[in-house]
Amino acid sequence: MNSKPAINGQYLILMSAFFYGLNPFFAQLLFKEGLGAEMVSLYRFILPALFFTFFLRTPQINWPEASRTLLLGIASGVSIFGYFHALEVLPAATAILIYYTYPVFSVLIGWAFFSREPSQNALISAALVAIAASLTVRPESLPADALFSVCACFLAPLVVATQVQYLSNPRKKIPTTNRMAWITLGHIIVLLPIAIWSSPAQVLPVSITGLLSVLGIALVAAALPQVLFMLGAPRSCADKNALTGSLELVVALLSGAVLLGEHLDQLEVTAMVLIVLALFIKQVENKSKEGALAG
């Protein structure tokens, strides 16, 4: 009886993963326009924040949940800036692979802090994702002063993993638009001061491609997948959400290769295969459980 909502939830998470995976593509187009990480991070959220401002009004009974969501948004704003900064200064594949270790952190955080003991298949799938990420994170390819950028980049998977765990079963349910309003406000609280403090040399894109990339990163790669995730996460479980979301890695690497002409070497292709295998293992587990329930 309950399998259909879970399946529908996973489809929504799968669609959100596809659109989230376009973030590095749009970010790199904006970097080529001369914009820095602080402006790219801000543009990713400023348009959605303006739209969701109309949904900030919250009944007093929901203030505690709105506050928790705001804190998630603030943490996410810091981590997204760290990720885009890493994309700007590190090899793109390295930053992308670090970011997409979040399914591993999600399983561990869910186990340690949310008392969600993972199944054996979930642990195997998370291990495959970790192996996939490690294949392209090569210390010898990193600049000598890259330690700060690497550490900043690792903030992103930690925060995303925490979001996945919490939003899959929030303490209190509130309307999706209201939650989106508070989480995007949290992003802006962090990213607007960073952008002002950084005094960027360039604030606006200089071409039609840049303007379209701003719309792309704000709407296609941020607002739309966030709404899909908010709708889908409560209809599934945290482990499924995290591992299904790891499909973002495949989209991120393929979009860079196909649309930007970036070279994918053998290890990066192997990493994508391992990600797909991890998803397959979870799907097999899900179908086995559904079959047992049906029997």
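Coupling constants for region 209-222 follow from the phi torsions by the Karplus curve (6.51 cos²θ - 1.76 cosθ + 1.60, θ = phi - 60°), and in residue order they are 4, x, 4, 5, 5, 4, 5, x, 6, 7, 9, 6, 9, 10 Hz; glycine and proline get x. For region 1-141, the solvent-accessible area works out to 45 Å² per residue, with a probe of 1.4 Å and every protein chain left in place. Here region 9-279 is assigned +1 on the Cβ of each Lys and Arg and -1 on the Cβ of each Asp and Glu. Its dipole about the Cα centre then comes out at about 1040 debye.
Shown is the FRET efficiency for Gln60 and Phe18, computed with R0 = 41 Å from the Cβ-Cβ distance and rounded to the nearest 0.05: 0.60.
Taking 7 Å steps out from each Cα toward its Cβ at Ile189 and Phe148 produces label points 2.5 nm apart. When the square roots of the Cα gyration tensor eigenvalues are ordered a ≥ b ≥ c, the ratio a/c for region 9-279 is 1.5 or more and a/b does not exceed b/c, which makes its shape oblate.
Coupling constants for region 77-90 follow from the phi torsions by the Karplus curve (6.51 cos²θ - 1.76 cosθ + 1.60, θ = phi - 60°), and in residue order they are x, 4, 5, 5, 4, x, 5, 5, 4, 5, 4, 6, 10, 9 Hz; glycine and proline get x. For the pair Leu212 and Thr270, the difference between a 0.36 nm per residue extended length and the Cα-Cα distance amounts to 17.7 nm. If the viscosity is 1.567 mPa s and the temperature 4 °C, what translational diffusion coefficient in µm²/s does Stokes-Einstein give for region 37-92 when Rh comes from Kirkwood over Cα pairs? Estimated diffusion coefficient is 100 µm²/s. Computed as a quarter of the hull surface, the mean projected area of the alpha carbon convex hull for region 141-222 stands at 8.3 nm².
The values are calculated or read from the model by the stated rules, or taken from the named source; none is laboratory data. This structure is a prediction, so every number in the text was calculated from the model and none was measured. Note that we place each Cβ from the backbone using ideal geometry, even for glycine, and neighbour counts take in every protein chain shown. Remember, those area values only see protein heavy atoms, side chains included, never the ligands or the DNA or RNA. Shrake-Rupley method; radii C 1.70, N 1.55, O 1.52, S 1.80 Å.
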